[in-house]
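Worksheet for the structure shown next.
The values are calculated or read from the model by the stated rules, or taken from the named source; none is laboratory data. Everything numeric here is computed off the predicted structure, so don't read it as measured data. Here the Cβ positions follow ideal geometry from the backbone for every residue, glycine too, while neighbour counts run over all protein chains shown. Areas reflect the complete protein model, heavy atoms only, side chains present, ligands, DNA and RNA absent. Shrake-Rupley method; radii C 1.70, N 1.55, O 1.52, S 1.80 Å.
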Amino acid sequence: MNISKADFTTEWLKEAHITEQVMETLTDDSLKTAMTDQHRTLGHLAWHLVMSIQYMTMLGLQFEGPSREQEIPHSAAEIRDNYRQVRHALLDAVQSQWSEEDLLATREFDGEPWTNAAFLHFTLIHQAHHRGQMTVLMRQAGLRIPEIYGPNYDSWIDKGMDPLV
Ligand code: NI
């Protein structure tokens, strides 16, 4: 999907804000939570969202972020701070370094032609996908989930309503 800079900016500001709220809810202890020993931990998923933004530098965008070699932090605050930095850095880089024509530049990815705009769209969808995985693990870890796209169990309880099931 070819989105414009304005579309990306609007969506990214909303989506990254939600992700930041999710990151702010993480605790150090919760980072070890996983479905099984074979699956990614909550900390791993959170760090994956930081790094998948950082990987956009492979498309020629230049911005600061953690190095690929850096180990997954054991501190929820460190993951959150890195996310906060890199989510703003990506948007600044897109706005200042890419023209609308640059968004239509194509490169091969996995045997298919992808525009830079399609990578931006993917970044939005990919983040929502892993954020959904995170909220399940966060519930397992006993954390309260912030509202994502609307009220959830805890917010219904707060309002004295029966949670929808
Ligand atoms: Ni992924």
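Which one is surrounded by the fewest Cβ atoms within 10 Å (Cβ to Cβ) among residues in the range 85-115 that are more than 12 Å from Glu64 (Cα to Cα) and of a type in the set (D, E, K, R)?
Looking at the filtered set, the residue picked out is Asp110.
Can you name every residue in the range 64-80 that is open to solvent by 20 Å² or more (accessible area, probe 1.4 Å) and out of contact with any Asp or Glu (no Cβ under 7 Å at 6 or more places or on another chain)?
If the condition is that a residue be open to solvent by 20 Å² or more (accessible area, probe 1.4 Å) and out of contact with any Asp or Glu (no Cβ under 7 Å at 6 or more places or on another chain), then Glu64, Gly65, Ser67, Arg68, Glu69, Gln70, Glu71, Ile72, Ala77, Glu78 are the ones that fit.
Say whether the condition of being buried (at least 20 other Cβ atoms within 10 Å of the Cβ), over 30 Å from Ala105 (Cα atoms) and touching a helix residue (DSSP H, G or I) at 6+ places or on another chain (Cβ under 6 Å) is met by at least one residue in the range 53-60.
No.
May I ask you to say which residue of Tyr149, Tyr153 is out of contact with any Ser or Thr (no Cβ under 6 Å at 6 or more places or on another chain), among the aromatic types (Phe, Trp, Tyr) and surrounded by fewer than 12 Cβ atoms within 10 Å (Cβ to Cβ)?
Testing whether each residue is out of contact with any Ser or Thr (no Cβ under 6 Å at 6 or more places or on another chain), among the aromatic types (Phe, Trp, Tyr) and surrounded by fewer than 12 Cβ atoms within 10 Å (Cβ to Cβ) leaves just Tyr149.
I'd like to check something: does the range 135-145 contain any residue that is surrounded by 14 or more Cβ atoms within 10 Å (Cβ to Cβ) and more than 20 Å from the chain's Cα centre (by Cα)?
No, the conditions are met nowhere in the range 135-145.
How many residues are under 16 Å from Ser52 (Cα atoms) and either in a helix (DSSP H, G or I) or away from the ligand (no atom under 15 Å from the Cβ) (or both) if we restrict to the range 106-165? Spell out how you get there, then give the answer.
Keep residues of the range 106-165 that are under 16 Å from Ser52 (Cα atoms), which gives 109, 116-134.
Add one more test, that the residue is either in a helix (DSSP H, G or I) or away from the ligand (no atom under 15 Å from the Cβ) (or both), and what stays is 116-134.
The number of residues fulfilling the criteria is 19.
Could you please find all residues in the range 137-165 being in contact (Cβ under 8 Å) with a residue 24 or more places away in the chain and within 14 Å of Ala34 (Cβ to Cβ)?
Answer for the range 137-165, where residues must be in contact (Cβ under 8 Å) with a residue 24 or more places away in the chain and within 14 Å of Ala34 (Cβ to Cβ): Leu137, Met138, Gln140, Ala141.
Contact list please: Cβ distance under 6 Å, first residue in the range 104-121 and small (Gly, Ala, Ser), second residue part of a helix (DSSP H, G or I), pairs at least six apart or on different chains.
Pairs that qualify, where the first residue is small (Gly, Ala, Ser) and the partner is part of a helix (DSSP H, G or I), are Ala105/Asn116; Ala117/Leu103.
Can you name every residue in the range 1-52 that is open to solvent by 30 Å² or more (accessible area, probe 1.4 Å), closer than 13 Å to Thr123 by Cβ and not in a helix (DSSP H, G or I)?
Met1
How many residues are without any contact (Cβ under 8 Å) to a residue 60 or more places away in the chain and closer than 21 Å to Ala128 by Cβ when one looks only at the range 43-57? Quick ask: steps written out before the conclusion?
Taking the range 43-57 first, the residues without any contact (Cβ under 8 Å) to a residue 60 or more places away in the chain are 43-44, 47, 50-51, 54-55, 57.
Now restrict to residues that are closer than 21 Å to Ala128 by Cβ: 43-44, 47, 50-51, 54-55.
Matching residues across the range 43-57 total 7.
Pick out the one residue from Glu100, Glu64, Glu71 that is in contact with a Ser or Thr (Cβ under 7 Å, 6 or more places away or on another chain), more than 24 Å from Arg144 (Cβ to Cβ) and more than 16 Å from the ligand (Cβ to nearest atom).
Glu100
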